[in-house]
Amino acid sequence: IVAAIAARLANYAGLELPGWVIDSRASARMAALELPPPEYVALIQSARGGFELDELIEAVRVGESRLFRHRSQIGALVDHVVPALRATGRRQIRVWSAGCAAGQEPHTLAIVLARALPGCQVSIVATDVSADALEVARGAAYPVAALNDVPQEWRDAFVIDDDLVRVRDEIAALVRFERANLVDGFAPRNCDLVWCRNVLIYFTPP
């Protein structure tokens, strides 16, 4: 049963997950639907099982992300990528954040690039397979504790609103969120920068 569910997830979304994760999360979905394992497998393998397959992906996805996650990546962006983009002389910079989760990654990119490339029109397309994550991302608001990972020099890009920290409107407006499954071959065209480090780790090499 676990192998069949794993194969369906791999085929549908390219995800390679530990067996115990699939066992635990799929068991919870079976219990919620009151379906025995064979019937559940038949459901997600059928044409009418698309909705439940999406629910299962929501259950198994990791979705971990943070504002200004991995300082070395941000340092490479500022010290190497930005000067290379500036050297092109282009006035429009197009970015793709692939597997953007709840939006922390593309909002971080928007904050950094808006300051580092004054006079450039920065546009960021951010995609994820999770509708739930994208709903949070579009709100551009996070628990105030999310500021803990943000260096002091970048905190002026946020506004504290009670127990939430909000990305300033002019920064949030640089990002457009779209639902997309990378296995379907979706890819924005003509991008100057693709940020995908934290999605590739969940895929098999093929």
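The values are calculated or read from the model by the stated rules, or taken from the named source; none is laboratory data. All values reported here derive from a predicted model rather than from experimental measurement. Virtual Cβ from ideal backbone geometry, glycine too; neighbours counted across all protein chains shown. These area figures cover heavy atoms from the full protein model, side chains too; ligands, DNA and RNA do not enter into them. Shrake-Rupley method; radii C 1.70, N 1.55, O 1.52, S 1.80 Å.
Taking a sphere under 12 Å around the Cβ of Asp132 and counting the other residues whose Cβ falls inside, with K and R at +1 and D and E at -1, yields a net charge of -2. Note on Asp184 and Phe203: the extension gain reaches 5.5 nm, defined as 0.36 nm multiplied by sequence separation minus the Cα-Cα distance.
Exposed loop sites, defined as trypsin sites (Lys or Arg not before Pro) outside DSSP H, G, I, E and B with at most 11 other Cβ atoms within 10 Å, are absent from the longest region of the chain, namely 92-188.
Residues within the reach of a label modelled at Glu16 (point 7 angstrom out along Cα to beta-carbon, backbone nitrogen below 19 Å), restricted to the range 191-206, are 196-206.
Taking the centroid of alpha carbons for each part, the range 140-206 and the range 1-54 are 28 Å apart.
Considering only alpha-carbon pairs that sit under 8 angstrom and 6 or more positions apart, the relative contact order computed for the range 36-160 is 27 percent.
Just check the range 68-189 against the gyration tensor rule for me: Cα atoms, a ≥ b ≥ c as the square roots of the eigenvalues, rounded for a/c under 1.5, and otherwise prolate or oblate depending on whether a/b exceeds b/c. Verdict is oblate for the range 68-189. Computed 3J(HN,Hα) for the range 84-90, one whole-Hz value per residue from the Karplus formula 6.51 cos²θ - 1.76 cosθ + 1.60 where θ = phi - 60°, is 5, 5, 5, 5, 6, x, 6, glycine and proline marked x. Surface composition of the chain: carbon plus sulfur atoms hold 53% of the accessible area, using a 1.4 angstrom probe and ignoring ligands, DNA and RNA.
Available extension along the chain between Leu117 and Glu58 is 17.7 nm, counting 0.36 nm per residue and deducting the alpha carbon span. Taking the DSSP bridge list for the chain and keeping only pairs wholly inside it, about 35 percent are antiparallel.
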